[in-house]
Amino acid sequence: MARILVIDDDADIRKFLSECLADSGHMLMVADTLSEGRQLGEIGKFDLVFLDVNLPDGNGLDAISELKGTVSMPEVIVITAEGDEQGAQMAFEYGALDYLLKPFTHHEVKLVLKRTLEFRESKTALRSSSEFFFDRSAIIGSSPPIMACLHAAGQCAQGVASVLITGQTGTGKELMANVIHENSSRKKGGLVTVDCAALPEQLVESVLFGNIKGAFTGADASRDGLVKNADGGTLFLDEIGELPLSIQKKFLRVLQEKKFKPVGGTKDIHSDFRLISATNKDLECMVEKKEFRSDLLFRIKTVHIQLPPLKDCKKDIKDFTLHYIHHLCNRYGYETKGFTPEFLNMLESYDWPGNIRELINSLEKAVLSGAESTTLYPNFLPNQIRLKYVRPSIKKQQQAGQMKDDRPVSKRSIVLPDRLFNPITSLKQVKEYSAGETEKIYLNELLALSDNDLAQASRLSCLSKSHLYSLLKKYHISRTD
């Protein structure tokens, strides 16, 4: 007998599933809202959850990882009347086992139920026999996209299948590769990392496969390649999209046969390695352009993990911030610093085009800027983050101001004077002049949109009143203009 939870706001669907599942002798509980379903998920040890997408108080997809993270780790079947390919993809990425479209029949429900419980039973047996514990301590965050990636990483860690990790620059592809390796049976064999983007094209083959003495000019000794060094362990090819086509063909044979010839050699060398690859490029698009081999792509992506950009994991920014501030303060010998609510709001409002890497750099800048302070304030953050936070308020007040009167909007273009170019001056002087002019434009806009109210201007700019006043004085800007 299985314990099943149905989360759906449609009374007819709840009744249909209740009748269908009760016939099979299973224990059933129902909820008509997402919040109620979450509460039941926390207290009940369920084997299976039927989860609707469009619920009165939220999107069911957002709760998949949370439900799967409860004590009993139930399987989740998404049910929806408005199915689409993107929704199905998101459901699977977040960890759903199946995707069932309404209306469905008794036969379909019972078939899905049978298949799910068989899968769950086999998974439980495998877990108890292997006693496998997945250590995710190096990965921070619990948002649905991150939990889906960790679920996929946990599933493939104990195997030997090739893994392809994709994602934007700065999303932590190398970190994920390390986590998979450290949880694998090959961790004692070591992780050999190859940055394909940093390999000189003329030396790629010898770096990967090694060479014998005299194979080419400068080959004064025989050397093992990185593929050989990865024997018994894991080979991590970072930025695999940069691998030259000529090497791709040779590497395909290595993957298929686990053997290769060093440059200048005649005898095959064997290497038993597990491959993990990573790239920020669209390899399928590269295949269409004949810039990447399709047969190699099939070989390297037995398991595909797509890391989310930071802007899709805003719920995790607080955890990231707490972790990295503590880490950075330890590095620089400071006591761990706190931060204001406005500091966190500013981080959560930014889109982070540079992802986790940009967040870490920004926090490092803040920690160093606030070296003498026990608390981090918004003005310690880089200007582009502060401006992003202020911009919506400025636009809103600008629109209100234009409706209020016909005051002209200040000119924002910066005109560089001839004295900077004739004769030409240093780039440093140009930057200093441009920065000053930009600050003047910003301050004039700030005063205009805050109706010369210093308190309001201070709030919008996240500057203290004293700092703001000193800037106005520095640029001879009058609040009565």
- Of the conditions (1) modelled with pLDDT of 85 or more; (2) surrounded by fewer than 17 Cβ atoms within 10 Å (Cβ to Cβ); (3) in contact with a strand residue (DSSP E or B) (Cβ under 9 Å, 6 or more places away or on another chain); (4) not in a helix (DSSP H, G or I), PRO103 fails just one. Which one is it? (3)
- Query: Do we find that THR166 is touching a helix residue (DSSP H, G or I) at 6+ places or on another chain (Cβ under 9 Å), closer than 23 Å to SER294 by Cβ and either among the β-branched types (Val, Ile, Thr) or open to solvent by 60 Å² or more (accessible area, probe 1.4 Å) (or both) in this structure?
  - Reply: yes
- Item | Considering residues of segment 344-358 that are part of a helix (DSSP H, G or I) and without any contact (Cβ under 8 Å) to a residue 60 or more places away in the chain only, the residue least open to solvent (accessible area, probe 1.4 Å) | LEU347
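Let's see how each residue does on (1) within 23 Å of LEU117 (Cβ to Cβ); (2) modelled with pLDDT of 80 or more; (3) acidic (Asp, Glu):
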{"site": "LEU51", "(1), (2), (3)": "yes, yes, no"}
{"site": "LEU55", "(1), (2), (3)": "no, yes, no"}
{"site": "GLU66", "(1), (2), (3)": "yes, yes, yes"}
{"site": "VAL71", "(1), (2), (3)": "yes, no, no"}
{"site": "ILE77", "(1), (2), (3)": "yes, yes, no"}
{"site": "ASP84", "(1), (2), (3)": "no, no, yes"}
{"site": "GLY87", "(1), (2), (3)": "no, no, no"}
{"site": "ALA91", "(1), (2), (3)": "yes, yes, no"}
{"site": "LEU97", "(1), (2), (3)": "yes, yes, no"}
- Taking only segment 205-250 into account, find how many residues are of a type in the set (Phe, Trp, Tyr) and within 29 Å of THR166 (Cα to Cα). 2
- Would you mind stating whether ARG120 is buried (at least 17 other Cβ atoms within 10 Å of the Cβ), out of contact with any Pro (no Cβ under 6 Å at 6 or more places or on another chain), over 30 Å from LEU296 (Cα atoms) and among the basic types (Lys, Arg)? yes
- Considering only segment 207-243, how many residues are of a type in the set (Ser, Thr, Tyr) and modelled with pLDDT under 90? 2
- Residue tally, condition of a type outside the set (S, T, N, Q), under 29 Å from ILE360 (Cβ atoms) and in a loop (DSSP other than H, G, I, E, B), over segment 157-185: 3
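The values are calculated or read from the model by the stated rules, or taken from the named source; none is laboratory data. As the structure is a computational prediction, the values presented were derived from the model and not from experiment. Positions of Cβ are generated from backbone atoms using ideal geometry, with glycine treated the same way; all protein chains shown enter the neighbour counts. These accessible areas exclude ligands, DNA and RNA; they are computed on the full protein's heavy atoms, side chains included. Shrake-Rupley method; radii C 1.70, N 1.55, O 1.52, S 1.80 Å.
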